[in-house]
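This report refers to the structure that appears directly beneath it.
The values are calculated or read from the model by the stated rules, or taken from the named source; none is laboratory data. Here the structure is a predicted model, which means the values were calculated and not measured. Neighbour counts run over all protein chains shown; Cβ positions are idealised from the backbone, glycine included.
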Amino acid sequence: MADAGHADAGNEDPGEASQRHFSMHQLSKKPPLPRLHMDYSQYRYIPPGDRIKEQPDLNRLLFWTPTGEPDGYAERRGNAVLYYDRTGKAVRVDTNPYGR
C-alpha cells in the first residue's frame with residue numbers, strides 16, 4: 001500500500017510535472033554543467049592585429065583578423081604548441097611553451 005504523501009507517476013498532475021522540468025531556454029541561460037576553463041598561458045604567439053577566440057572543448061585558440069576573417073589557430077600537442085595558418089598549414093612550433 002502506498003503512502004498518501006507520495007504520488008505515483010501515472011497519477012501526477014500535469015501542472016506539477018511541467019513545473020519540475022526546465023525548458024531549453026531556462027537551461028541555456030544557466031546550464032547545470034560546470035563551464036570548462038583552460039589555461040592558455042603557454043600560447044605565446046599571436047599574429048599581429050588578430051583577435052583571439054578560445055575553444056576550450058578542443059583545447060585551442062582561434063585567430064581572427066580585424067575584418068572578421070579566420071586567420072588560423074593554435075593547439076597543444078603533447079609538450080608543444082603548434083600554430084597553423086588559415087589554410088591549415090603548420091607555420092610555427094613552440095616546443096618549450098613554458099619558457100623553461
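Things worth noting here:
- Cβ-Cβ contacts under 8 Å between residues 6 or more apart (or on different chains), taken from a first residue in segment 48-70 that is in contact (Cβ under 8 Å) with a residue 24 or more places away in the chain and under 14 Å from Val81 (Cα atoms) to a second residue that is part of a loop (DSSP other than H, G, I, E, B) and among the charged types (D, E, K, R), are absent.
- Per-region count, segment 62-81, residues within 22 Å of Thr95 (Cα to Cα) and touching an Asp or Glu at 6+ places or on another chain (Cβ under 6 Å): 4
- Restricting attention to segment 45-66 and to residues that are in a loop (DSSP other than H, G, I, E, B) and at pLDDT 85 or above, the residue that is farthest from Gly78 (Cα to Cα) turns out to be Pro66.
- The set of residues from segment 81-98 being touching a strand residue (DSSP E or B) at 6+ places or on another chain (Cβ under 6 Å) and either part of a strand (DSSP E or B) or free of Cβ contacts under 8 Å to residues at least 12 places away in the same chain (or both) comprises Val81, Leu82, Tyr83, Tyr84, Ala90, Val91, Arg92, Val93, Asp94.
- Residue check, Arg35 exposed (fewer than 10 other Cβ atoms within 10 Å of the Cβ), modelled with pLDDT under 90 and under 19 Å from the mean Cα position of the chain (by Cα): yes
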